[in-house]
Amino acid sequence: MFSPESVIRHQEGIRADVIMPIDVCAPGGSDRTGVAEAVELTTRWAERCREAQTRDDQMLFGIVQGGTFPDLREVSVELITALDFPGYALGGLSVGESKNDMYDTVGHTTTLLPAERPRYLMGVGSPEDLVECVARGIDMFDCVLPTRIARNGALFVRDGRVNVDTARFRSQQTPIEADCDCYTCETFSAGYVHHLFKANELLAYRLATVHNVRSCCVSWRRSGLLSASRVRGVSSGVPCPFRPAG
Ligand SMILES: [Zn+2]
């Protein structure tokens, strides 16, 4: 059983740079009452988490809830920013609402948050979501999507996604994406990755994951929108894995 105090204790134990309070993410489709309750409990737990913090070398972010109700987002921002966290997360999104509702909510909420503090969108997302939400003022993301779909053979390419385990890749001597600079594309053909999936070789999952994570970094940079975060005065030191320095 988790409590506000226990989640802080555990995160202090693993020495994460950024740690999160325990919060309530109202399920997708929740009515206004349910979302309002999530806002209230999230706020109370955020206070308890901050009081439980004993280390001063970790950034505890506050989490804004409120579903897709603009006024509840405003209430949540007011309550959470009053606690003065070093960064703020947007929770309760990507839980079944439409993309447009998510983008509208992100755009509305970020205008309410302090410009000098980093903003983190929890549980998002796809390459297109990264670009759309950076444009709306988000600095950080985390999401299982790129790695989860990679393990099913679904790979990001410039025009969308392809399934590398389908027959069209069986004899392809060129990489999954010709201009991709990830380890997988620089080292192996799409046909070889296809073969690994067909043979249920564990290396397939790793190579596909490397490509998708790199694709997310590239699409983010390709968007040219990272400078928006810099202009706002927030560090953009986003590490890009799977590509050696230099
Ligand atoms: Zn690649």
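Residue pairs whose Cβ atoms lie under 8 Å apart, separated by 6 or more positions or on different chains, with the first residue in the range 37-51 and in the same structural domain as residue 11 (by TED's automatic domain parsing) and the second crowded, with 23+ Cβ neighbours inside 10 Å and assigned to a helix (DSSP H, G or I), are 39/76; 42/76; 42/80; 43/76; 43/80; 46/80; 49/8. So which of 159, 139, 165 ends up being away from the ligand (no atom under 13 Å from the Cβ), assigned by TED's automatic domain parsing to the domain that holds residue 101 and under 27 Å from the mean Cα position of the chain (by Cα)? The conditions single out 139.
Taken over the range 58-76, residues that are surrounded by fewer than 23 Cβ atoms within 10 Å (Cβ to Cβ), more than 21 Å from residue 3 (Cα to Cα) and in contact (Cβ under 8 Å) with a residue 24 or more places away in the chain amount to 6.
Applying the criterion of being modelled with pLDDT under 95 and either more than 22 Å from residue 94 (Cβ to Cβ) or of a type in the set (A, V, I, L, M) (or both) to the residues of the range 140-164, the residue that is surrounded by the fewest Cβ atoms within 10 Å (Cβ to Cβ) is 159.
Hey, could you check the range 192-206 for residues that are among the hydrophobic types (A, V, I, L, M, F, W, C) and touching a residue at least 24 places away in the same chain (Cβ under 8 Å) and say which is nearest to the ligand (Cβ to nearest atom)? If we take residues in the range 192-206 being among the hydrophobic types (A, V, I, L, M, F, W, C) and touching a residue at least 24 places away in the same chain (Cβ under 8 Å), then 193 is nearest to the ligand (Cβ to nearest atom).
Looking across the range 173-191, the residues that are within 13 Å of the ligand (Cβ to nearest atom), surrounded by fewer than 22 Cβ atoms within 10 Å (Cβ to Cβ) and not charged (D, E, K, R) come down to 174, 175, 178, 180, 183, 187, 188, 189.
The values are calculated or read from the model by the stated rules, or taken from the named source; none is laboratory data. On a predicted model such as this, the values are computed, not experimentally measured, just so you know. All Cβ positions, glycine included, derive from the backbone under ideal geometry; neighbour counts span all protein chains shown.
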